[in-house]
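What follows is a set of notes on a single structure, which appears directly below.
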Amino acid sequence: GAVVSQHPSWVICKSGTSVKIECRSLDFQATTMFWYRQFPKQSLMLMATSNEGSKATYEQGVEKDKFLINHASLTLSTLTVTSAHPEDSSFYICSARQGVASGRASYNEQFFGPGTRLTVL
Amino acid sequence: RKEVEQDPGPFNVPEGATVAFNCTYSNSASQSFFWYRQDCRKEPKLLMSVYSSGNEDGRFTAQLNRASQYISLLIRDSKLSDSATYLCVVRLGSGNTGKLIFGQGTTLQVKP
């Protein structure tokens with residue numbers, strides 16, 4: 001399958017600082033990227049959907065001013081957690097989906113990055 | 001009510017056992033259905049799609065009952081390497097749009 005990378009894989013920061021997480025599709029162009037958050041023993045929760053070149057669509061309850069998403073190119077999306085607090089500590093996972101291939105109507109699999117574990121002290 | 005519900009387990013089974021996981025979803029507009037596998041502290045990976053006619057991939061069999069909004073996964077001849085969390089996932093929306101909704105996951109521990 002296609003490869004999606006995330007950087008950094010883990011980060012520890014002080015409360016009040018901002019943290020940027022990068023998500024890259026390495027061998028395909030991702031027209032749509034998704035950002036999820038997963039707390040221990042809970043399911044992945046979709047935070048936002050971003051399409052290249054346009055503003056991200058945030059899920060209900062996710063603060064767009066706190067979680068800044070930029071999808072400036074077809075291979076890169078970034079999530080910035082601004083003024084992070086301990087309750088933001090979580091596993092952040094991005095996912096990328098290719099554009100629809102010509103003549104193909106089947107589901108385009110979403111490929112997940114390896115995740116970024118954020119710990120805010 | 002959660003959109004996708006699973007028994008969190010854990011299911012502890014011996015090697016060679018057959019184990020079944022169940023999942024229910026609440027949104028009748030759900031269009032596509034999947035099982036993902038997630039290892040500890042790793043990202044989820046697609047195990048298989050689920051079709052109304054039922055489908056099989058080696059030791060894994062998935063079933064979908066749209067009328068009951070129920071999805072199942074059967075694992076035969078369990079291996080130690082099957083130990084993981086299995087996520088039931090539905091996709092809202094048709095075609096190639098729509099977002100994935102994840103269940104909480106069912107943890108499987110296969111013991112020697």
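Observations on the model:
- Cysteines in chain A lacking any other cysteine Cβ under 4.7 Å from their own Cβ: A:C13.
- Residue-averaged beta-carbon neighbours from other chains (10 angstrom radius) around A:38-49: 4
- Taking amide H as placed 1.01 Å from N in the peptide plane, B:L108 has its amide H under 5 Å from the amide H of B:F11, B:A84, B:T85, B:Y86, each at least 5 places away in sequence or on another chain.
- Taking the 1.4 Å solvent-accessible surface of the range A:1-67 as the whole, the part contributed by carbon and sulfur is 50%.
- Residues in the range A:32-43 carry Karplus couplings, in order, of 10, 10, 10, 10, 10, 9, 9, 8, x, 6, 10, 7 Hz; the curve used is 6.51 cos²θ - 1.76 cosθ + 1.60 with θ = phi - 60°, and Gly or Pro positions show x.
- Residue-wise HN-Hα coupling along the range A:76-90, computed from phi with Karplus coefficients 6.51, -1.76, 1.60 (Hz; x: Gly, Pro): 9, 10, 10, 10, 10, 8, 8, 6, 5, 10, x, 6, 7, 4, 5
- Anchor A:K14: lysines whose Cα lies under 29 Å away (excluding residues fewer than 8 positions away in-chain): A:K41, A:K55, A:K64, A:K66, B:K42
- Heavy atoms of the protein chains alone define the surface here; on that basis the range A:8-58 has 55 Å² accessible area per residue at 1.4 Å probe size.
- Formal net charge of residues neighbouring B:A17 (Cβ-Cβ distance under 15 Å; K, R +1; D, E -1): +1
- Per residue, the accessible area of the range B:1-80 comes to 54 Å², computed with a 1.4 Å probe over protein heavy atoms only.
- Positive-end ranking of B:T61, B:S49, A:V19 along the dipole of the protein assembly as shown, with charges on Cβ about the Cα centre, is headed by A:V19.
- Charge context of B:L73, other residues only, Cβ under 13 angstrom, K/R +1, D/E -1: -1
- A:H71 contributes about 10 Å² of solvent-accessible surface, heavy atoms of the protein only, 1.4 Å probe.
- Seen from A:T75, the other residues with C-beta closer than 11 Å to its C-beta sum to a net charge of -2, counting Lys and Arg as +1 and Asp and Glu as -1.
- Peptide B:37-43 shows a mean partner chain C-beta count of 4 within 10 Å per residue C-beta.
- When accessible surface is computed with a 1.4 Å probe, chains A and B are found to bury approximately 1700 Å² between them, both chains counted.
- For chain A, the fraction of C-alpha pairs farther apart than 20 angstrom is 39 percent.
- For the protein assembly as shown, the spread of Cα coordinates along the three principal axes comes to 49, 45, 35 Å, biggest extent given first.
- Cleavage-rule hits (GluC sites (Glu not before Pro)) in the range B:3-112: DSSP loop, at most 14 neighbouring Cβ within 10 angstrom: B:E15
- Disulfide-incompatible cysteines by the Cβ rule (no partner under 4.7 Å) in chain B: B:C40
- A loss of 40 Å² or more of accessible area (1.4 Å probe, protein heavy atoms, ligands and nucleic acids excluded) relative to the isolated chain is seen in these residues of the range B:57-103: B:N96, B:K99, B:L100, B:F102.
- Shape category assigned to the range A:10-58 from the gyration tensor of Cα positions, a/c cut at 1.5: prolate
The values are calculated or read from the model by the stated rules, or taken from the named source; none is laboratory data. Here the structure is a predicted model, which means the values were calculated and not measured. Positions of Cβ are generated from backbone atoms using ideal geometry, with glycine treated the same way; all protein chains shown enter the neighbour counts. To get the accessible areas, we keep the full protein, side chains included, count just its heavy atoms, and leave off ligands, DNA and RNA. Shrake-Rupley method; radii C 1.70, N 1.55, O 1.52, S 1.80 Å.
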